[in-house]
Amino acid sequence: MTHQPYISYVPLEHMDERMQEEMHRCAREGTPRPESSAVRAHSPNAFWAFAEPWKALFHGGDVDHSIKDLCRVYISRTVKCEFCGNQRSDKAVKAGLHEQQYDDLLNFESSDKYDDRQKAALAYAQAIAWGEQDLDALWGRLRAHFSEPQLVELGCCIALTFGQQSWIRLLGIEHHQYMAGSSASMAPGFRTAEELLATKSQEDYWAGKA
């Protein structure tokens, strides 16, 4: 991407100390990466209204973090948010998720890459994004694998990422444009600006024209 984002990045030096600390965490750890946070920094209330719930729901809580990351990337793929879809949670990868599991997300029901618990969570994400006709069957499936507190936590996490990613895809932001030099939480093939350009030019790029 060569054009500027449709909403500019707030320079780091224009942020207060607490926001700068969060920006350095984004560059160091990712999810979220610095670019989206630098846009949200135009409104400090919006910045923290995302950062704090995201920390509590995505990075904390009782539901397996790897399931949350599968749901996050499923939402990325289904709403075609490239910025978010080209990130991976390092914590989820360390917990055992492998890249092939991310590749098959839009076909999760027929895939052998997910267990029944993961498929139930992905069905939840699909229903939140696109609706579900058979609610009794969906909730029966979910209750077989998750407690009510877990369903609230996971549902809120999915809803937060669905709303944010539906907005982020409109911004025209790209990785390695802000606080560049970090590869934290980037998917394979996207860890440098050069890799990113090469991967996005491939015919089988997941968000390419089909």
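Where a number appears in this text, it was derived from the coordinates with a stated rule and is not lab data. No experiment lies behind these values; they were computed from the predicted model shown. All Cβ positions, glycine included, derive from the backbone under ideal geometry; neighbour counts span all protein chains shown.
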Kirkwood hydrodynamic radius, the chain, all distinct C-alpha pairs: what's the number in Å?
17.7 Å
Gap in Å between the Cα centre of the stretch 18-33 and the Cα centre of the stretch 118-152?
32 Å
What is the Cα convex hull volume of the stretch 43-149 when expressed per residue in Å³?
126 Å³
Mind pulling the angle between the C-alpha long axis of helix 17-29 and the longest principal axis of the chain? Nearest 10 degrees, somewhere in 0 to 90.
60 degrees
How far is helix 116-130 tilted, in degrees, relative to the longest principal axis of the Cα atoms in the chain, given as a value from 0 to 90 rounded to the nearest 10?
70 degrees
Cα-based helix-to-principal-axis angle, 65-79 vs the chain, degrees rounded to 10:
80 degrees
For 14, 176, what's the fewest-to-most ordering of other Cβ within 10 Å of each Cβ?
14, 176
Along Cα→Cβ, 7 Å out, is where each label goes; now give me the distance between the ones at residue 116 and residue 25 in nm to one decimal.
3.8 nm
Among the Cys residues of the chain, which have no other cysteine Cβ under 4.7 angstrom away?
26, 71, 156, 157
If the reach is capped at under 14 angstrom between alpha carbons, list the aspartates and glutamates near residue 113, excluding any in the same chain fewer than eight residues apart.
99, 103, 104
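Would you list 114, 205 from fewest to most Cβ contacts within 10 Å?
205, 114
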Fewest to most Cβ atoms within 10 Å: 104, 134 sort as 134, 104
The stretch 1-92: translational diffusion in µm²/s, Stokes-Einstein, Kirkwood Rh over Cα pairs, 20 °C, 1.002 mPa s:
152 µm²/s
Answer rounded, prolate or oblate for the stretch 82-132, using the Cα gyration tensor with square roots of eigenvalues a ≥ b ≥ c: rounded when a/c is under 1.5, else prolate when a/b is larger than b/c, else oblate.
oblate
Show the residues, 5+ positions off or on another chain, whose built amide H is closer than 5 Å to the amide H of residue 87.
187
Using the C-alpha atoms of the stretch 123-210, what convex hull volume per residue, in cubic angstrom, is computed?
155 Å³
Check cross-link reach from residue 68 to the aspartates and glutamates: straight Cα distance under 12 Å, and skip same-chain residues fewer than eight apart.
153
Cut-off 12 Å, label point 7 angstrom out along Cα-to-Cβ of residue 6: give me the residues of the stretch 156-180 whose amide nitrogen falls inside.
166-173
Provide the gained length on full extension for the span residue 130 to residue 205, in nm with one decimal, where the gain is 0.36 nm per separating residue minus the Cα-Cα distance.
24.6 nm
